[in-house]
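Worksheet for the structure shown next.
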Amino acid sequence: MRFADIIGSEDIKKALVSMADTGRVAHAMLFYENEGCGALPLALAYVQYLNCPHRHDGDSCGECPVCNRISKLIYQDLHFIFPVNSGSKVQASARPTSETYLPLWRELVLKNPYFLESQLYETLGIENKSGNITVAEAKYILEKLSLTSVEDGYKCVLVWLPERMNAEAANRLLKVVEEPPGKTVFIFITHAPEKILQTISSRCQSFRVLPASKAEVGRVLSERFSLGGEEAAALANISGGSIGTALREAGETEEYSLYMDMFSDLLRGAHEKNLFSVLEVSEHIAALDSREKQKAFCSFSGDSLRKIYMVQQGMDAIANMRQQETAFFVSAAQWCSPSFCERILGQLDRASALIDRNVNARIVFCDLADRIFLSI
Ligand SMILES: [Zn+2]
């Protein structure tokens with residue numbers, strides 16, 4: 001990540017560059033932002049600038065081995081601490097730390113460094129309860145910092161959401177934050193500075209990362225999504241300058257229309273007795289790029305079938321239909337047989353379970369499409 005890749009925050013970039021250039025590197029920094037406003041990519045660009053041996057014109061070179069390792073988040077002297085909890089992706093007996101989830105963290109940051117806290121928990125499979133930073137984490141970092149540095153530059157510890165740290169962990173870290181070993185930098189990124197132990201925040205040089213302008217958010221959206229100008233502007237409006245929030249909303253909007261298109265094509269094809277078209281849709285579902293998305297399609301279809309069933313029972317008013325989908329569900333309710341929804345709901349659960357067990361998606365969705373074709 002280079003400063004040039006970061007949207008906005010020009011003043012902070014300048015301050016960070018000047019700190020590194022003059023050698024007056026703060027050993028503890030606090031980046032304070034509203035969720036999703038870009039403090040994490042900014043911190044990563046700073047770490048890269050600080051360590052790049054070929055930095056020039058106020059930015060890292062982006063090409064040397066150091067830049068390369070930092071941008072892939074595999075630089076050995078860059079450590080991450082973030083809130084975790086035990087969840088479905090670790091053994092029940094394990095006491096997870098950030099290290100446990102590091103591959104998933106890397107994947108998420110590389111895909112979208114503006115992610116929201118809830119998206120981290122979803123990625124780690126711990127969304128049922130909020131994450132914590134425990135004393136085990138503090139011990140782990142102290143151990144890491146006591147070793148000689150592997151790379152030649154600064155050892156950097158990036159703590160994402162220190163407000164999730166319990167008092168024991170914070171006290172444990174306090175001494176090293178007060179008097180860090182040479183060439184060590186702590187960067188805390190917070191959404192709630194008032195919840196951080198004051199003894200820690202008072203040791204930090206603070207930076208307020210401001211929300212992006214509506215125009216900047218709109219530009220990011222239209223670069224990443226095939227949204228019309230009006231749609232992008234509307235999302236930019238409700239995002240409050242949080243690129244992370246805007247990206248999530250746009251992703252959900254895009255996902256919703258993709259699933260809705262596939263679901264309605266599937267039912268329409270079955271209704272018109274067009275087996276070829278039904279099987280073609282099943283191929284598209286199988287081609288979704290993750291098992292999570294294939295399962296999400298099943299759950300979306302389940303919800304849609306429930307809406308159709310409600311309409312069939314004359315309960316349109318409480319079916320919670322979006323305005324743009326009402327016409328389709330009302331007509332589908334007429335051509336789906338009375339027992340169709342119930343029968344296919346069971347098949348969707350089955351398909352989802354088979355996907356979880358790694359059964360070939362093309363076979364699972366071909367079978368599902370076939371059953372829909374026969375049952376409608
Ligand atoms: Zn470089």
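The values are calculated or read from the model by the stated rules, or taken from the named source; none is laboratory data. On a predicted model such as this, the values are computed, not experimentally measured, just so you know. Cβ sites come from the backbone with ideal geometry, for glycine too, and all protein chains shown count toward neighbours. Heavy atoms of the whole protein, side chains included, go into the accessibility calculation; ligands, DNA and RNA do not. Shrake-Rupley method; radii C 1.70, N 1.55, O 1.52, S 1.80 Å.
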Yes or no: the range 52-75 includes at least one residue that is within 19 Å of the chain's Cα centre (by Cα) and surrounded by 14 or more Cβ atoms within 10 Å (Cβ to Cβ).
yes
Any chance you could count how many residues in the range 176-213 are surrounded by fewer than 17 Cβ atoms within 10 Å (Cβ to Cβ), in contact with a helix residue (DSSP H, G or I) (Cβ under 9 Å, 6 or more places away or on another chain) and outside any loop (DSSP other than H, G, I, E, B)?
7
Condition set of a type in the set (S, T, N, Q) and at pLDDT below 90, scope the range 308-337, selection nearest to Glu272 (Cα to Cα): answer is Ser337
Answer from Lys129, Lys144 - the residue that is open to solvent by 50 Å² or more (accessible area, probe 1.4 Å) and not in a loop (DSSP other than H, G, I, E, B)
Lys144
Options Ser264, Ser239, Ser257, Ser282: the member that is over 22 Å from Lys295 (Cβ atoms) and not hydrophobic (A, V, I, L, M, F, W, C)
Ser239
Have a look at Ala39, Ala43 and point out the one that is away from the ligand (no atom under 13 Å from the Cβ), in contact with an Asp or Glu (Cβ under 7 Å, 6 or more places away or on another chain) and among the small types (Gly, Ala, Ser).
Ala39
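Considering only residues of the range 344-364 that are among the β-branched types (Val, Ile, Thr) and open to solvent by 50 Å² or more (accessible area, probe 1.4 Å), which is nearest to Arg291 (Cα to Cα)?
Only one residue tops the list, namely Val359.
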With respect to Leu116, determine if the residue is buried (at least 17 other Cβ atoms within 10 Å of the Cβ), within 16 Å of the ligand (Cβ to nearest atom) and under 17 Å from the mean Cα position of the chain (by Cα).
no
Just to be sure I understand the filter: pairs with C-beta atoms under 6 Å, separated by 6 or more residues or on different chains, first member in the range 52-68 and at pLDDT 95 or above, second member part of a helix (DSSP H, G or I) and near the ligand (Cβ under 6 Å from one of its atoms). Which pairs pass?
Cys52/Val66; Cys52/Cys67; Ser60/Cys67; Cys61/Cys67
Thr100 fails exactly one of (1) open to solvent by 50 Å² or more (accessible area, probe 1.4 Å); (2) within 28 Å of Ser213 (Cα to Cα), namely (2)
